[in-house]
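Chemist: Dumping the structure here so I can ask a few things about it.
The values are calculated or read from the model by the stated rules, or taken from the named source; none is laboratory data. Everything numeric in this text was worked out from a predicted model, so none of it was measured. Counting neighbours? That spans all protein chains shown, and the Cβs are built from the backbone with ideal geometry, glycine included. Ligands, DNA and RNA are stripped out before the accessible areas are found, and what is left, the full protein with its side chains, is counted by its heavy atoms. Shrake-Rupley method; radii C 1.70, N 1.55, O 1.52, S 1.80 Å.
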Amino acid sequence: MIASLRPLSAIFLAGMLAACANSPNNGLGELPRTPKASIEQMLQQAAESKPEQAALLRLSAADQAYRQNDVAGSARILEQVDLASLQPAQQMF
């Protein structure tokens, strides 16, 4: 009886490993990927986007400004971000 369940359990285990190996499309707290976009380009794109996506783009622009040591610019951009439209992990960011 147990010998007949071995192939079934092996298939189940392989399926579970395959499911765990796939990464989710949008992880909790991830920012949009804009590798070569300038701060101005991200803000322009945010102005043309839906509110949730716009908030994420502004958050990315503020992060980029902060990384460029433009703390005042980052603060100005953050004032435009609607925190209520962000997920909790993004609000903490």
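Chemist: Search region 74-93 for residues that are open to solvent by less than 80 Å² (accessible area, probe 1.4 Å) and pair each with any residue that is outside any helix (DSSP H, G or I) when their beta-carbon atoms are under 6 Å apart and the residues are at least 6 apart or on different chains.
Modeler: Ala89/Leu28; Ala89/Gly29; Gln90/Gly29
Chemist: Would you be able to say whether some residue in region 42-64 is open to solvent by 80 Å² or more (accessible area, probe 1.4 Å), in a helix (DSSP H, G or I) and at pLDDT 90 or above?
Modeler: Yes, there is a match, as at least one residue in region 42-64 is open to solvent by 80 Å² or more (accessible area, probe 1.4 Å), in a helix (DSSP H, G or I) and at pLDDT 90 or above.
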